[in-house]
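No lab work stands behind these numbers, since they all come straight from the coordinates. Since this is a predicted model, take the numbers as computed values, not measurements. Cβ sites come from the backbone with ideal geometry, for glycine too, and all protein chains shown count toward neighbours.
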Amino acid sequence: MIIILLGPPGAGKGTQAKKISEKFSLPHISTGDMLRDNIIRNTALGIKAKSYMDKGELVPDDLLLDIIKVRLSEPDCSSGFLLDGYPRTLAQADALGKILDNTGKEIDVVLNIHVDDEELINRLSGRRMCSCGASYHVLFNPPKKEGICDSCNGELYQRNDDTPETVKNRLAAYKKLTEPLIDYYNKKALLHTIDGGKDIPGIFGDIAKVLEEI
Ligand code: ADP
Ligand code: ADP
Ligand code: ZN
């Protein structure tokens, strides 16, 4: 099964992706996590991507093409995968379409997680991350022990792009460059819109229902 998670920053893509990946045994591919990993390792890609990410802008399409191509060709992706945060532009959607065409694969479903702007800002301002990819919220989804990751005992941190000014830019970039993908995938009859305003288990229940019908 090939699943794309679409949604604005803070919609809960990463949170739901972890749960989907466990229940449906699919590799979770997050371009945000991959880019942050490149920044930590100080790779050429990480150095280039950092300046865009710090400002809340999207990283240019051509910088992502190689990493996504390589990742999708790895053996664990052979029978399906879950994309979180890719594609984010029409050019990326076309590029992904070509990669899949070349390997005889097709997208099964695009889950569009819809959340109002005000709620997105509340979610992003209280988000705490772990380097293992887990994400928490100080009020809405706190870890069992303050500041410590439930799954790996790692120390939680606040992402440096979760600041009010950067969040404003990220939401603007979403509206301008990513939102057109809703129409793009709707026209391909792949889109399922999910009410992302519910609590975490409620959203997961709705997503699982959609996936079980595929
Ligand atoms: P995204 O990957 O879409 O940017 P995350 O999964 O990191 O979003 O979630 C953003 C923040 O909102 C995190 O702090 C997370 O714990 C919290 N969160 C996720 N889903 C919900 C929800 N349904 N209700 C309240 N808070 C949520
Ligand atoms: P969120 O869903 O909370 O916005 P991500 O971790 O998915 O966060 O992305 C963080 C940042 O990484 C984005 O603001 C952007 O700069 C960059 N990024 C991630 N995925 C992409 C992508 N597909 N195209 C361009 N930039 C990306
Ligand atoms: Zn962790």
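If you count, for each residue, the other Cβ atoms within 10 Å and average over each peptide, how do 126-135, 204-213 line up from highest to lowest?
Per-residue mean Cβ counts within 10 Å order the peptides as 126-135, 204-213.
Given the chain, report the % of alpha carbon pairs whose separation exceeds 24 Å.
Across the chain, Cα pairs with separations above 24 Å total 40 percent.
Gaussian network model of the chain, Cα springs within a sub-10 Å range: biggest mean-square fluctuation belongs to which of Gly56, Gly85, Gly104?
Gly104
Report the Cα-based extents of the range 8-61 along its three principal axes, largest first, to the nearest Å.
35, 23, 18
Nearest 20 debye, what's the magnitude of the dipole of the chain about its Cα centre given +1 on Lys and Arg Cβ and -1 on Asp and Glu Cβ?
For this selection, approximately 340 debye.
Round to the nearest 0.05 the FRET efficiency obtained for Lys198 and Asp94 when R0 = 41 Å and r is the Cβ-Cβ distance.
So the FRET efficiency works out to roughly 0.80.
Taking the Cβ-Cβ separation of Asn186 and Tyr52 as r and a Förster radius of 25 Å, what is the calculated FRET efficiency to the nearest 0.05?
The formula returns an efficiency of 0.35 here.
Need one number for the range 93-214: average projected area of the convex hull over its C-alpha atoms, nm².
Value for the range 93-214: 9.3 nm².
Relative contact order of the range 1-85: what whole-number percent is it, with Cα pairs under 8 angstrom and at least 6 residues apart?
Relative contact order of the range 1-85: 51 percent.
What is the calculated FRET efficiency for Asp150 to Lys23, with r their C-beta to C-beta distance and R₀ = 25 Å, to the nearest 0.05?
Between Asp150 and Lys23 the formula returns 0.90.
Report, by chain and number, residues whose modeled amide H sits under 5 Å from the one on Val109, excluding near sequence neighbours (fewer than 5 apart, same chain).
Ile2, Ile4
For the chain, what does the helix formula give at 222 nm: sum of -39500 (n - 2.57) over DSSP H segments with n ≥ 4, over the residue count, nearest 500 deg cm²/dmol?
-14000 deg cm²/dmol
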